[in-house]
Amino acid sequence: MNNPAITPETLLSKHNLYNVFSDEWDYFRQSYQGGKAYRDASLLYPYRFEKEGTGEALLLERLRQTPLDNHCESALHTYSSFLWKKKPQRDLAELQDDPEILALLKDADLEGTPLNEFMRTVQIQAGIYGHAWIVIDKAPHQYNTLAEERHNGIRPYLVHYAPPNVYDWTIERNSSGAVETTYLKVVEEERSRNGEVNKIVRIWTKESMQAYRIQGGSNTLETLHNTPNPIGIIPAICHYGRSRLHRGIGSSEIKDVAKLQQSIYNDLSELAQTIRNTNHSTLVKNPDDDASGGAGGVVIMSENTESGKKPYLLQPMLFQMEGLIKAIEKKEAMINRMTHLAPVRSVRTQPQSGEAIKTEFQLLNAL
């Protein structure tokens, strides 16, 4: 039976900070993913004639043709390779022979992911959004003994949630002064057979653990379970990346790289257009002139028989392309400098002293 105090509207309500940062999270995710997610975000600056009518089709074609040099993904994976170059050493003390712990090390999420790989994914997620949530969960089946649980494969496992899936949270200090999570609401989405999106909402408090399903089409609510919390704490932690902005909000590693990446993306689109126009001049002619143009296109002059104008070609200047290339190289150098990845990513055209190179590597290691 459904709880009368719980409605789909209250379940889908969000933390105030969620609404502040949600657009940035989407932008960072698109910048990291690239591919279709980046094209669908339409991050090319449209020309004036591309904003309406037939111009929209031209913008879509330009989006399809423009390549992405994904600096966000490259930077985060380079950081990850440095951090995980050596496997972490864990002191498990008296738990080193515990069956549940050993199983967790080999399969952290019950999907076959080892703990090291699981935490590497969390680290990359924290780099994208600034933070990621880790929850220790366990199947709700009740057994009388630990032996029965082990026999049936019931054990704790880890789940990581990206910030867009964590709708609400409360992090505060307890009576001893330690910071702990006292409320957590997570939304999971599943697609049903008929195409509707069913949202499963999980809520943890220090007193209870709840789960609800919201049917996408009818917006009806179904209670999956509502049980007491036997441990009296919420087994969840907010893992921050480089730094913390607020409780439950971290600072993204790619917040500045993403904007430069988008700028380079637009420069690459301009460069592609310039290359096409350089190889194929634009033909300017009267409507009745028997002539055709190449890839550069045709500009039709106004029909005026008294003007005496003759068809001619518009040839782009090569310095325009050279300027774009230099601008892209400058922005790439800025990305390398702000991420401290110049020692491992840039091709050096000027000699550097050994001390300068050593300092750059120290900055990267410190980061």
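The values are calculated or read from the model by the stated rules, or taken from the named source; none is laboratory data. What you see is a predicted model; the values in this text were computed from it and never measured. Neighbour counts are summed over all protein chains in view; Cβ atoms, including those assigned to glycine, are modelled from backbone coordinates with ideal geometry. Side chains are part of the model used for accessible areas, which takes the heavy atoms of the whole protein and leaves out ligands, DNA and RNA. Shrake-Rupley method; radii C 1.70, N 1.55, O 1.52, S 1.80 Å.
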Round to a whole angstrom and tell me the spacing of the C-alpha centers of the stretch 143-157 and the stretch 168-204. 25
Just grab the label-to-label distance for residue 37 and residue 175, each label 7 Å out from Cα along the Cβ direction, in nm (one decimal). 4.4
If amide H atoms are modeled at 1.01 Å from N in the peptide plane, then the residues at a separation of 5 or more from residue 209, or on another chain, having amide H under 5 Å from its own are 227, 229
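Enter the accessible area per residue of the stretch 1-68 (Å², integer; probe 1.4 Å; all protein chains in place).
On the way: 4500 Å² over 68 residues.
Per residue, the stretch 1-68 has 66 Å² of solvent-accessible surface.
Put 66, 54, 7 in order of accessible area, largest first, 1.4 Å probe: what do you get? Don't skip to the answer; put the middle values down first.
On the way: 66 15, 54 120, 7 45 Å².
Most to least solvent-accessible, the answer reads 54, 7, 66.
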Treat every Asp and Glu Cβ in the stretch 1-159 as -1 and every Lys and Arg Cβ as +1, leave all other atoms uncharged, and give the resulting dipole magnitude about the Cα centre to the nearest 20 debye. 480
Accessible heavy-atom area order of 44, 60, 95, highest first, probe of 1.4 Å: 60, 95, 44
Rounded to the nearest 20 debye, what is the charge dipole size of the stretch 186-234 about its Cα centre when +1 sits on each Lys and Arg Cβ and -1 on each Asp and Glu Cβ? 20
At 1.4 Å probe size, with no ligands or nucleic acids counted, give the accessible surface of residue 97 in Å², nearest ten. 120
In nm, spacing of pseudo-spin labels at residue 231 and residue 87 (7 Å Cα→C-beta vector): 2.6
Taking all protein chains together and a probe of 1.4 Å, list 242, 64 from the most accessible to the least accessible. 64, 242
Can you work out ³J(HN,Hα) from phi for every residue in the stretch 143-153, in order, using Karplus 6.51 cos²θ - 1.76 cosθ + 1.60 and θ = phi - 60°, giving whole Hz and x for Gly and Pro? 10, 6, 10, 5, 4, 5, 4, 5, 5, 9, x
Can you give me the solvent accessible area of residue 201 with a 1.4 Å probe, rounded to the nearest 10 Å²? 0
Just read off the accessible area of residue 199 with the full protein assembly in place, 1.4 Å probe, to the nearest 10 Å². 50
